[in-house]
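Reviewing the structure listed below.
The values are calculated or read from the model by the stated rules, or taken from the named source; none is laboratory data. Values in this document were obtained by computation on a predicted structure and should not be read as measured data. In this analysis, Cβ positions are derived from the backbone assuming ideal geometry, glycine residues included, and neighbour counts consider all displayed protein chains.
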Protein chains: 2
Amino acid sequence: MRANESTGSASNAVVRDNSRDNSKGNPKPKPAAGERRLGDFLCFAIYSANLAFGRAYKKGLEELGLTYPQWIAIVALWEQDGQTVSELGEKMFLESNTLTPILKKLEQMGYLRRQRDPADERQVRISLTEAGRKLREKGMHMNLVAATGLKPDEFARLQQNVVTLRDNLIKATAEA
Amino acid sequence: MRANESTGSASNAVVRDNSRDNSKGNPKPKPAAGERRLGDFLCFAIYSANLAFGRAYKKGLEELGLTYPQWIAIVALWEQDGQTVSELGEKMFLESNTLTPILKKLEQMGYLRRQRDPADERQVRISLTEAGRKLREKGMHMNLVAATGLKPDEFARLQQNVVTLRDNLIKATAEA
DNA sequence: CCTTATTGGATCGTGTACGATATATTCGCG
DNA sequence: CGCGAATATATCGTACACGATCCAATAAGG
């Protein structure tokens, strides 16, 4: 076994502007100065945080027999029933090509119904079944606030910042 | 005939019992106590922000002929060459089952080499080729800071908060 | 040495994401 | 009314994520 790198430190973010310590590993020899490392990318922070959320939710969702996007769809439908696919897609930031398989799966599991709108047969309206609503209740207990290690006000502020970030990105992307 | 789809029985009219008829300007109808709406979930904010980042990067990455995870791998390898698959996985928060196909693709594209470590043939060491390093240079210009609509200090603080959140989640998940 | 356990990657199956495309339905306009 | 454009959803191909599992190479223990 090689001695030099069997337990490499996980990525240490080095934010240059307000260099906060977070020094827990040993610094590795850096190839160059002045270039951005992985830890400097906000997009990577979000990306990896999303993976981390997925893993944190996994256990609770397994008990429900759902995946993460499936669960989000249930929550979104519980808020308002009878949404069309594209309305749901707006909420979830997904399009029909992603949403349709998820919805078909959930329908097959008996948690929702998909039916063409008689007034406009192009549209499909989604409504939770009784089982679907029950599922939403059962998932109510899943609360990861503690796992985030954030105080309630930090939690709320961070969420608001991320939402703003997301909306700005979408706007900028649409304009470009 | 419609494409295929069996949207279930036709016997049920679309019932919109909790129809909150999203007319613009209405105050948000209050759900029962303790019930969180989609917008209240930090995990959903992160999830959708990640989607938004993917879309924002898409254009720039297309010019490089890379996907988002492929690009992250290039950046991570540029930081330190000769990493093993699992070391790279620690940085990217991915495991071999996800990483191996990505690395094989990048190898096939000529951006990196994968070779068994002679000292321990179980390990595979990854090193960027010249083309791979050039690619990293070419991608250097991709900068979405402006698109985030955040001031540099806000950007840095948000990133640090997300990193902390991620690490707390991982810790909490590992402990559970 | 020989056997067994562990480790590092790879493979497989399922489920998202998403661009490109297909198809059905409705709309607009002559 | 008829027909092309627009709309809403579905399908297809590619590429992640990830649990489960397989395999080769090494470590561990007699």
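Whether any residue in the range B:131-143 is part of a strand (DSSP E or B), surrounded by 15 or more Cβ atoms within 10 Å (Cβ to Cβ) and away from DNA strand D (no atom under 16 Å from the Cβ) is what I want to check. Don't jump to the end; show me each part of the working.
If we filter the range B:131-143 for residues that are part of a strand (DSSP E or B), which is where we start, we get none.
Taking every residue of the range B:131-143 in turn, none turns out to be part of a strand (DSSP E or B), surrounded by 15 or more Cβ atoms within 10 Å (Cβ to Cβ) and away from DNA strand D (no atom under 16 Å from the Cβ).
If you scan the range B:80-94, which residues turn out to be within 14 Å of DNA strand D (Cβ to nearest atom) and out of contact with any Ser or Thr (no Cβ under 8 Å at 6 or more places or on another chain)?
Within the range B:80-94, B:84, B:88, B:94 qualify.
Conditions tested, residue by residue: (1) in contact with a Leu (Cβ under 9 Å, 6 or more places away or on another chain); (2) closer than 30 Å to residue A:150 by Cα.
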{"site": "B:36", "(1), (2)": "no, yes"}
{"site": "B:100", "(1), (2)": "no, no"}
{"site": "B:111", "(1), (2)": "yes, no"}
{"site": "B:114", "(1), (2)": "yes, no"}
{"site": "B:126", "(1), (2)": "yes, no"}
{"site": "B:134", "(1), (2)": "no, no"}
{"site": "B:142", "(1), (2)": "yes, no"}
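I'd like the full set of residues that are within 17 Å of residue A:39 (Cβ to Cβ) and either hydroxyl-bearing (Ser, Thr, Tyr) or more than 7 Å from every other protein chain (Cβ to nearest Cβ) (or both), limited to the range B:158-176.
Scanning the range B:158-176 gives B:164, B:167.
Within 12 Å of DNA strand D (Cβ to nearest atom) and either part of a helix (DSSP H, G or I) or under 16 Å from residue B:68 (Cβ atoms) (or both): is that true of residue B:105 in this structure?
yes
So is residue A:77 more than 10 Å from DNA strand D (Cβ to nearest atom), crowded, with 23+ Cβ neighbours inside 10 Å and either closer than 23 Å to residue A:127 by Cα or more than 7 Å from every other protein chain (Cβ to nearest Cβ) (or both) or not?
Yes: the conditions hold for residue A:77.
Consider residue A:55 against the criteria (1) in a helix (DSSP H, G or I); (2) out of contact with any helix residue (DSSP H, G or I) (no Cβ under 7 Å at 6 or more places or on another chain): it satisfies all of them except one. Which criterion is unmet?
Unmet for residue A:55, out of (1) in a helix (DSSP H, G or I); (2) out of contact with any helix residue (DSSP H, G or I) (no Cβ under 7 Å at 6 or more places or on another chain): (2).
Taking the conditions exactly as written (part of a helix (DSSP H, G or I), under 30 Å from residue B:44 (Cβ atoms) and modelled with pLDDT of 95 or more), does residue B:91 satisfy them or not? Show your work before the answer.
Details: part of a helix (DSSP H, G or I): yes; under 30 Å from residue B:44 (Cβ atoms): yes; modelled with pLDDT of 95 or more: yes.
Yes, satisfied.
Against the definition (more than 8 Å from chain B (Cβ to nearest Cβ), part of a strand (DSSP E or B) and farther than 18 Å from residue B:37 by Cα), how does residue A:115 come out, yes or no?
Here the answer is no, as residue A:115 does not meet what is asked.
Restricting attention to the range A:39-55, and to residues there that are surrounded by fewer than 21 Cβ atoms within 10 Å (Cβ to Cβ) and at the interface with another protein chain (Cβ under 7 Å from one of its Cβ atoms), which single residue is nearest to DNA strand C (Cβ to nearest atom)?
Among those that are surrounded by fewer than 21 Cβ atoms within 10 Å (Cβ to Cβ) and at the interface with another protein chain (Cβ under 7 Å from one of its Cβ atoms), it is A:51.
Quickly run through the range B:150-162 and pick out the residues that are over 17 Å from the mean Cα position of the chain (by Cα) and within 21 Å of residue B:61 (Cβ to Cβ).
Scanning the range B:150-162 gives a single hit, B:155.
Tell me which of these residue B:96 doesn't satisfy, since it passes every other one: (1) surrounded by 18 or more Cβ atoms within 10 Å (Cβ to Cβ); (2) in contact with a helix residue (DSSP H, G or I) (Cβ under 7 Å, 6 or more places away or on another chain).
The single condition residue B:96 does not satisfy is (1).
Which of the following residues is in contact with a helix residue (DSSP H, G or I) (Cβ under 7 Å, 6 or more places away or on another chain) and outside the structural domain of residue B:72 (by TED's automatic domain parsing): B:150, B:135?
Numbers: B:135 fails: outside the structural domain of residue B:72 (by TED's automatic domain parsing).
One residue alone meets the criteria, B:150.
Given (1) more than 18 Å from residue A:66 (Cα to Cα); (2) at the interface with chain B (Cβ under 10 Å from one of its Cβ atoms); (3) loosely packed, with under 15 Cβ neighbours inside 10 Å, where does residue A:91 come up short, assuming only one miss?
(3)
So, residue A:102, is that one modelled with pLDDT of 95 or more and within 30 Å of residue B:167 (Cα to Cα) or not? If you could, list the steps in order and put the result at the bottom.
Values: modelled with pLDDT of 95 or more: yes; within 30 Å of residue B:167 (Cα to Cα): yes.
Answer is yes for this residue.
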